[in-house]
Amino acid sequence: MALRLVSDFDLGKDVLPWLRAQRAALVAAGAGGGGPGVLENNYESLRVLNVERNGNIIYTYKDDKGNVFFGLYDYQTKQNEHLYTFEKDLQVVSCSVNRERTLLATSLVQAAKEGRRNELQPGSRCLTLLVEIHPINNVKVLKAVDSYIWVQFLYPHVESHPLPENHLLLISEEKYIEQLHIQVTREDGNRVVIKNSGHLPRERVAEDFVWAQWDMSEQRLYYIDLKKSRSVLKCIQFYADEHFSLMFEAPLDVSLSDSGFKLVNFGYDDLQDQEKLSKHPTLCVFTNHTGRTVSLFLNILSLASCSLSTGHSKTFTATLGRVDSRVTKGITFLSLGE
C-alpha cells in the first residue's frame, strides 16, 4: 500500500495571493512603492517561522525596502492577518504569538550584508523584542545579547476566555531556558497593554543542556543535560498557570559530547550551523496520541522508548552493520514501565 501525503498548507497558494492582493490595493491607493512585480522579487524571502499549538502559522517576508513583515495564517478560518512590520533590514531568528494575538515576541539579527552598519544595540548580535499588537503600540526589548535567542509562547489548555497573564519561553544559545510572566490589561476599551513592562518576572527553567525539543501539543519541554559525562533526558510539563513540573528524568546509554547544540520544534530555524550539527547525533522525541509514551530517536537506527506510568527502566541494545563502519548503528530501548 502506497503512502499518500496531502499538504494542508502551502505558502504559494495560501499566503502569496493574499500578499499580492494587499500590495495591489496599496499601489492602487498610492500608498505603496514599487510595482506589481515587487512581491515576485521578494517571494524567495517568504518563509514559515513557527506553527503554534492551535495550528496557526507565522510567516515572514521582506518588502522592497527591506522591512520585515510578520503575518499569520489562521488554520481554522483559512484567513491571513498582518501582525507587525519591523522597519529595519534585519534577519528573523524566531517568532511566536500569544493565543489572543495581542503580543508578538521575536528575535532578530543583523542581515548579512557587507558595509552595513549595525542596526542593533552596540555590542549585541541578537535583539529580542516583545511587541503589543492589539493595536500596534509599545515595543519592549527583552534581551540585546551576543548569542542567538529563540522565543515560544505557552498555549494553555484553557480556551474559553482571555488569560490575564501570558508565559513566554526564552531559549538561549548560551544553553539556558527562561520563562517570563507577562501580565496584560485592557485600556480604552479594547486596547491591550503590558502591565509593569519595566519589570517582567522571570525564572530559570533549564540550564547547561546540549539538546532541547518543544512539544507544542502537550506543552512539554524535553532536554538533555550532561551530569559527570552522563547524558540525562528530562521532561518538563507546563500548566495553565505559571507553574511547571519535572515529569521524569532518565539516564541514557548513549554518549553525547558538550560540543553540539541543537533545538527541535522551536520554529523553522536556518541559522544554526548545519554543517557542524551534521557531525553530531540527530535526536528527536516522538509521543503517542495520549502523550504517555515517549520515544527518543537517535541517529538513523537508535531509539530510546520511555513510558510515563510506573517509573522503572530497562535498556536493550542491538548493534547492526560492519565492524569497520565509521558510524555505529544500534537500537537502544529505554523503558520506564507501562
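Annotations for the structure displayed:
- Residue match in the stretch 109-130 (condition: polar (S, T, N, Q), open to solvent by less than 20 Å² (accessible area, probe 1.4 Å) and either modelled with pLDDT under 95 or farther than 26 Å from Leu180 by Cβ (or both)): yes
- Residue in the stretch 231-248 that is closer than 17 Å to Ser295 by Cβ, among the small types (Gly, Ala, Ser) and open to solvent by 10 Å² or more (accessible area, probe 1.4 Å) present: no
- Count of residues meeting criterion [surrounded by 15 or more Cβ atoms within 10 Å (Cβ to Cβ) and either touching a His at 6+ places or on another chain (Cβ under 6 Å) or closer than 15 Å to Tyr268 by Cβ (or both)] in the stretch 47-96: 21
- Hits in the stretch 132-155 (condition: open to solvent by 20 Å² or more (accessible area, probe 1.4 Å), assigned to a loop (DSSP other than H, G, I, E, B) and either modelled with pLDDT under 90 or not acidic (Asp, Glu) (or both)): His134, Pro135, Tyr148
- Scope the stretch 204-230; condition open to solvent by 20 Å² or more (accessible area, probe 1.4 Å), farther than 29 Å from Gly55 by Cβ and touching a strand residue (DSSP E or B) at 6+ places or on another chain (Cβ under 8 Å); matching residues: Arg204, Glu207, Asp208, Leu226, Arg230
- Residue within the stretch 163-177 that is open to solvent by 10 Å² or more (accessible area, probe 1.4 Å), under 13 Å from Leu221 (Cβ atoms), aromatic (Phe, Trp, Tyr) and in contact (Cβ under 8 Å) with a residue 12 or more places away in the chain present: yes
- Scanning the stretch 182-199 for residues that are in contact (Cβ under 8 Å) with a residue 24 or more places away in the chain, open to solvent by 10 Å² or more (accessible area, probe 1.4 Å) and under 21 Å from Glu52 (Cβ atoms) yields Val184, Ile194.
- Filtered by the rule that a residue be closer than 16 Å to Asp64 by Cα, out of contact with any helix residue (DSSP H, G or I) (no Cβ under 8 Å at 6 or more places or on another chain) and modelled with pLDDT under 80, the stretch 1-38 gives Gly30, Ala31, Gly33, Gly37.
The values are calculated or read from the model by the stated rules, or taken from the named source; none is laboratory data. Quick caveat, the model's predicted, so the values are computed rather than measured. Counting neighbours? That spans all protein chains shown, and the Cβs are built from the backbone with ideal geometry, glycine included. Keep in mind that these areas ignore ligands, DNA and RNA; they rest on the heavy atoms of the full protein, side chains included. Shrake-Rupley method; radii C 1.70, N 1.55, O 1.52, S 1.80 Å.
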